[in-house]
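Take a look at the structure set out below.
The values are calculated or read from the model by the stated rules, or taken from the named source; none is laboratory data. Just so it is clear, the structure is predicted and the values come from calculations on it, not from any experiment. Note: ideal-geometry Cβ built from the backbone for every residue, glycine included; neighbour counts use all protein chains shown.
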Amino acid sequence: MKNMTLNEIYNQIWNDLKDGVKNTKSAFHYPIISTIDKNGYPSSRTVVLRKINKENNIISFNTDIRSEKWLEIKNNKKISVSIYEPNKKIQIRIIGSAILNYKNKIWDAAWDSTPSMSRECYSTPYPPSTTISKPEDIDNSLKNIQNEDLNKYKVNFGRIDILIKSLDWLYLIHSGHRRAKFELSKNISMCWLAP
């Protein structure tokens, strides 16, 4: 990787995020988010990046509103995101504030853009993390669902936007790692950090 300016790095982060929305082979397609659970512990999981909005510093993903992650965010809006791209040897860490979208225009638009195969995830009669007797119970419930029936499961669907407060970029290179931080508010402040 050539030496890049802070502005070039910042734009590259957003280009990688943009690519991650559609490119299932990109590490940016599968960010790891961390929330705080009901016992005060960090709780991390992989989500699928669904949308970005560079102008407003927002990245978005979908989830089941019956999930623990939805409840955790409802109780504490602070959220962090981690992405590691092994081919580029780049790590991105994001700190932000989560916004729960349910029964609003953003929620409607997110559902409308969700393909049938993904909508099926919200049709299970069991909330995520429910103890079940066997995995086939989920398979059997999906077999009985027709595509035209999927809209009734929209009530289980939620869109989460992350309003980014800061981006931390780390490039791993044997000759000397590089690290930069970007604070996002009305104006963007950029600086180099010791790796």
(request) For the stretch 131-147, state whether one or more residues are free of Cβ contacts under 8 Å to residues at least 24 places away in the same chain and basic (K, R). (result) yes
(message) Take N56 and tell me if it is farther than 29 Å from H174 by Cα, loosely packed, with under 15 Cβ neighbours inside 10 Å, touching a residue at least 12 places away in the same chain (Cβ under 8 Å) and not hydrophobic (A, V, I, L, M, F, W, C).
(response) yes
(message) For a quick check of your reading of the model, give me the residue pairs whose first member lies in the stretch 72-96 and is at pLDDT 95 or above, whose second is assigned to a loop (DSSP other than H, G, I, E, B), with beta-carbon atoms closer than 6 Å and at least 6 apart or on different chains.
(response) E72/D37; V81/P31; I83/P31; K89/L172
(request) Scan the stretch 177-195 for residues that are free of Cβ contacts under 8 Å to residues at least 24 places away in the same chain and farther than 14 Å from M4 by Cβ and jot them down. (result) K181, E183, S185, K186, N187, S189, A194
(request) With respect to N56, determine if the residue is modelled with pLDDT of 95 or more and within 19 Å of N101 (Cα to Cα). (result) yes
(message) Looking at T24, T46, T5, can you tell me which residue is at pLDDT 95 or above, polar (S, T, N, Q), in contact with a Phe, Trp or Tyr (Cβ under 7 Å, 6 or more places away or on another chain) and at negative phi?
(response) T46
(message) Looking only at residues that are among the aromatic types (F, W, Y) and at pLDDT 95 or above in the stretch 134-185, which one is nearest to the chain's Cα centre (by Cα)?
(response) F157
